[in-house]
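All remarks here apply to the structure that follows.
The values are calculated or read from the model by the stated rules, or taken from the named source; none is laboratory data. Treat the numbers as computed from the prediction; the structure is a model and nothing was measured. Here the Cβ positions follow ideal geometry from the backbone for every residue, glycine too, while neighbour counts run over all protein chains shown. SASA here: full protein model, heavy atoms, side chains in, ligands and nucleic acids out. Shrake-Rupley method; radii C 1.70, N 1.55, O 1.52, S 1.80 Å.
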Amino acid sequence: GQRYRVRIQRYNDDGNMNGDICVYSPPANDVCSGAITITSNTTCSTTTGSTTAATDNNETGDCTTGTENAVWYQFQAVTSTHVVTVDGIAGFDAVIQALTTCGAVGNPTGGACVNATGNNGIETLTLTGLTIGAFYKIQIHDSNGDLTANAFTICVTHTLPPTITSLG
């Protein structure tokens, strides 16, 4: 690895300072192409997510330009309608969006940016008209750009098609 030297000094003061410096690498799902795959279920089976060390990549089609510091997830459609639910912890104001593909502008129906609640709120996207077998990308970030460990849970759900009991 590389060796770096960092100088920290108090402003207008030559006194000593004590403390730690933490250096993080961005998570694998910091970019859309590194999206973590989650599975849609008929009940909410959550995955815990963090924005720690996420960066603002200003990827084409993402929610905002600026401080999103987003992470990415993806799921494969098993029906034409899915619901994405993100539950932020106290102090985390989740913003979510769905994209049809990385690097292009295009949301599935119901996939535009949503920030309907505040800190510790639950955000929901109801995606319709999905192509069964296709993968859809989900971008998540804090509205203030906060970098937070274990900041939220995400799940993707769908309903089972009706069972046909009689053809007569």
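Data for the structure
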| quantity | calculated |
| --- | --- |
| Failed item in (1) in a loop (DSSP other than H, G, I, E, B); (2) within 22 Å of residue 152 (Cβ to Cβ); (3) among the aromatic types (Phe, Trp, Tyr), with residue 11 passing the rest | (2) |
| From the options 160, 167, 147, residue that is modelled with pLDDT under 95, surrounded by 15 or more Cβ atoms within 10 Å (Cβ to Cβ) and over 24 Å from residue 105 (Cβ atoms) | 147 |
| Identity of the residue in region 72-98, closer than 28 Å to residue 159 by Cα and not in a strand (DSSP E or B), that ends up least open to solvent (accessible area, probe 1.4 Å) | 77 |
| Filtered residues of region 32-53 (kept if in contact with a Gly (Cβ under 9 Å, 6 or more places away or on another chain) and part of a loop (DSSP other than H, G, I, E, B)) | 51 |
| Answer from 78, 105, 86 - the residue that is over 15 Å from the mean Cα position of the chain (by Cα), within 21 Å of residue 55 (Cα to Cα) and of a type in the set (A, V, I, L, M, F, W, C) | 105 |
| Qualifying positions in region 115-144 - buried (at least 19 other Cβ atoms within 10 Å of the Cβ) and free of Cβ contacts under 8 Å to residues at least 40 places away in the same chain | 123 |
| Out of 58, 29, 69, sole residue that is assigned to a helix (DSSP H, G or I), closer than 30 Å to residue 6 by Cα and either polar (S, T, N, Q) or touching a His at 6+ places or on another chain (Cβ under 8 Å) (or both) | 29 |
| Filter result (of a type outside the set (A, V, I, L, M, F, W, C), modelled with pLDDT of 80 or more and either more than 11 Å from the chain's Cα centre (by Cα) or open to solvent by 30 Å² or more (accessible area, probe 1.4 Å) (or both)) within region 43-68 | 43, 45, 46, 47, 48, 50, 52, 55, 56 |
| Matching residues in region 109-142 - criterion: being polar (S, T, N, Q) and within 15 Å of residue 72 (Cα to Cα) | 139 |
| Candidates 46, 55, 39, 60, filtered to the one that is touching a Phe, Trp or Tyr at 6+ places or on another chain (Cβ under 8 Å), of a type outside the set (D, E, K, R) and touching a residue at least 24 places away in the same chain (Cβ under 8 Å) | 39 |
| Boolean, residue 102 is at pLDDT below 90, open to solvent by 10 Å² or more (accessible area, probe 1.4 Å) and closer than 19 Å to residue 27 by Cβ | yes |
